[in-house]
Each structure stands twice: as C-alpha cells, then as structure tokens.
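All remarks here apply to the structure that follows.
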Amino acid sequence: MDIDRLLDITNELIGDEATQVIEFLYSNPGASEFEVSENIGFTVSQIRSILYELKAKNLIDYDRRKDKEKGWYLYYWRVLPDNFEKVYLAEKKNKLSQFKERLEAEENNNYYICPNFCKRLSFEDALDSNFTCPICGSLMNEENKTRKVEILKRNIKEHEELVTSN
C-alpha cells in the first residue's frame, strides 16, 4: 500500500497529528518515541498518546528493548501497512451499523425538543416531564426529523457503497 493511502486512512480514522507520526515512522521504521518527538516537534507525552491510539487500532507495532545503562525499557515503533485497509473497512462497517441503529430509532420514535435547544427527549420522557424542558422550563415541540432521517439514509448509502466495494 502506498504512503498516501496510509496517510488518508490515518487522517480519517485518527487525525492529522497521527498522520504526521505515521509519515515519520513509515520513513524511519524502528524509531523510538523520543526520535519521533524530536523530529515532529510534539512533546514525548503527546507522541506516546498518539502511538498508543495507533497501536490500539493495530496500525503500528513495537519492539521492546531494555536500555543497559538506565535499565528502562525503550520502545521502537514501526508501521503495519497491511493492516490499514482491514482496520479502515472494520471502522466503516461499525459506523454503518451505528447509522442503521440510529435511523431505526429516528423512524420508530417521536422526539420533542426544547425551543432553546437545551434538551431533546423521547415521547415517553417528554410525557413524564409534561412536555416542558427539564432545564429551562419551556414548552417542548415535536421535532421534525425529516432532514435527520435523510442525512442518515445518505450516510448509510455511502458507507454501504464503501463496504461493498472493498
């Protein structure tokens, strides 16, 4: 997989800071968090946080070696390019499932919203509060969810196309 695709996936899944880390590690496999920090300009703690997030998604891995002088363990990081498409597809499938659940909830329930946008309640919860906002006391109105349903359907269609094309 080419570096541009790795960076696109990283940016979409995690963000720009992680993209910079992947770009550096791709060019410098086996770099420590200290080397990454020094070359990118983030603090070591910021780099560690990004590395842990990338590791949690199985996009990178490390080798652990003990420093003979200090006795500490040092971690040397590398990119796992073969995992990016699998992780990306899994994330898209998960998002698709979330969109479908949300669409079902939107289509099968009525919601009431405060005119001041303090709170959005299901019909049952609005009934329990006598259709008054529990925060500001305003009378709640039934929400027109047509636009929300349209957006969810569009998102589902886009994600289904992505998932089936891979």
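Just so it is clear, none of the values below were taken in a lab; they were calculated from the coordinates. Just so we're clear, the structure is a prediction, and the values are computed from it rather than from any experiment. Cβ atoms come from the backbone with ideal geometry, glycine included; neighbour counts cover every protein chain shown.
Some notes on this structure:
- Proximity of backbone amide H atoms, modeled 1.01 Å from N, is registered between A31 and W77 at under 5 Å, excluding neighbours fewer than 5 places apart on the same chain.
- Within a Gaussian network of the chain (alpha carbon springs, distance under 10 Å), most fluctuating of F42, F34, F117: F117
- Annotation: extensible slack from F117 through E17 equals 32.7 nm (criterion: 0.36 nm per residue apart, minus Cα-Cα distance).
- Inter-part distance where region 50-67 and region 112-142 are each reduced to a Cα centre, Å: 46 Å
- In this simple spin-label approximation, E161 and K55 carry label points 7 Å from Cα along the Cα→Cβ vector, and these lie 3.8 nm apart.
- Neighbour-limited loop hits for trypsin sites (Lys or Arg not before Pro), region 29-98 (at most 14 other Cβ within 10 Å; DSSP other than H, G, I, E, B): K68, K70
- Equivalent-ellipsoid semi-axes for region 79-166 (Cα gyration tensor, √(5λ), whole Å, largest first): 37, 14, 10.
- D (Stokes-Einstein, µm²/s), Kirkwood Cα radius, the chain, 0.692 mPa s at 37 °C: 169 µm²/s
- Here the dipole of the chain is about 320 debye; that uses its Cα centre as origin and unit charges on the Cβ of Lys and Arg (positive) and Asp and Glu (negative).
- Stokes-Einstein D in µm²/s, Kirkwood radius over Cα pairs - region 3-79 at 20 °C with 1.002 mPa s viscosity: 172 µm²/s
- Between R78 and K95, the contour length at 0.36 nm per residue exceeds the alpha carbon distance by 3.4 nm.
- In loop segments of region 26-98 as defined by DSSP, the GluC sites (Glu not before Pro) with at most 11 further C-beta atoms inside 10 Å of their C-beta are E69.
- Amide proton proximity set for L74, modelled H, under 5 Å, gap of 5+: R65, K66, D67
- Cross-link pairs beyond the 19 Å C-alpha cut-off, checked among K95/K119; K57/K157; K92/K153; K100/K157; K100/K148: K95/K119; K57/K157
- At full extension, K70 and S45 could sit 7.1 nm farther apart than now, given 0.36 nm per residue minus the alpha carbon distance.
- A Cβ-based charge dipole, computed about the Cα centre of region 84-162 with Lys and Arg at +1 and Asp and Glu at -1, lands at about 320 debye.
- Distance in nm between pseudo-label sites at N110 and R5 (7 Å out along the Cβ direction from Cα): 5.0 nm
- I47, I9, I135 arranged by Cβ crowding within 10 Å, fewest neighbours leading: I135, I9, I47
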